[in-house]
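Take a look at the structure below.
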Amino acid sequence: AKLIITGRNIERLDETWEQLEGEGHLKIIANLTIENQQGDIVNSLPEIDGLVNSAGILRSLPFHFISKKDLLEVFDTNFFAPVLLSQRIIKARKFKKGGSIVFISSIEGPLITHTGNSIYSASKSAVSAMAKSMAIELASKSIRVNCVLPGMTETPLINIDFITKDASKPPAIKNLRDTGKV
């Protein structure tokens, strides 16, 4: 496969780039929340077979402390950027017939949630809902749309110490209150 990878974190992007084998890959440094950078990506793309939207950020705040700024920051990265990038690629006719779009969502939101994670949960619920609607609307263009909902996994995004093997399987996610973290 020939991959086109993009990201705003140059170090992490370079780390991934170094792991790619073969030739013909493309690396594009861009922040998908910036419209003209999205346009630059779309303009530099050849026809593609698929798109994986996997960007995501987290803002852990109890509901009564969230602000519109917090909401917009998370939704810009987790929802607006991947949805609008997908739309731009489709409008530019960059998908080959039979192409596929995959959104990386989360069980956090559509299936479960916990204290202090309302913004992330809402953004991932929105992604899952949008993917369902896109799948119906884009079927006539022979573009498949799917959404993957991983369980909780300890990553730098959620570097927390209360995730157990049992907690990573839905729906047995521990409530933050039960862990003494809140």
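Numbers for the structure displayed
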read-out	value
Test set (1) out of contact with any Leu (no Cβ under 6 Å at 6 or more places or on another chain); (2) at pLDDT below 95 - Leu157 fails condition number	(1)
Candidates Val127, Val145 - the one that is at pLDDT 95 or above, in contact with a Phe, Trp or Tyr (Cβ under 8 Å, 6 or more places away or on another chain) and in a helix (DSSP H, G or I)	Val127
Count of segment 7-28 residues which are touching a helix residue (DSSP H, G or I) at 6+ places or on another chain (Cβ under 6 Å) and within 24 Å of Val74 (Cβ to Cβ)	2
Hits in segment 81-118 (condition: within 14 Å of the chain's Cα centre (by Cα), β-branched (Val, Ile, Thr) and part of a helix (DSSP H, G or I))	Val83
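The values are calculated or read from the model by the stated rules, or taken from the named source; none is laboratory data. This structure is a prediction, so every number in the text was calculated from the model and none was measured. Methodologically, a virtual Cβ is constructed for each residue, glycine included, from the backbone with ideal geometry; neighbour enumeration extends over all protein chains shown.
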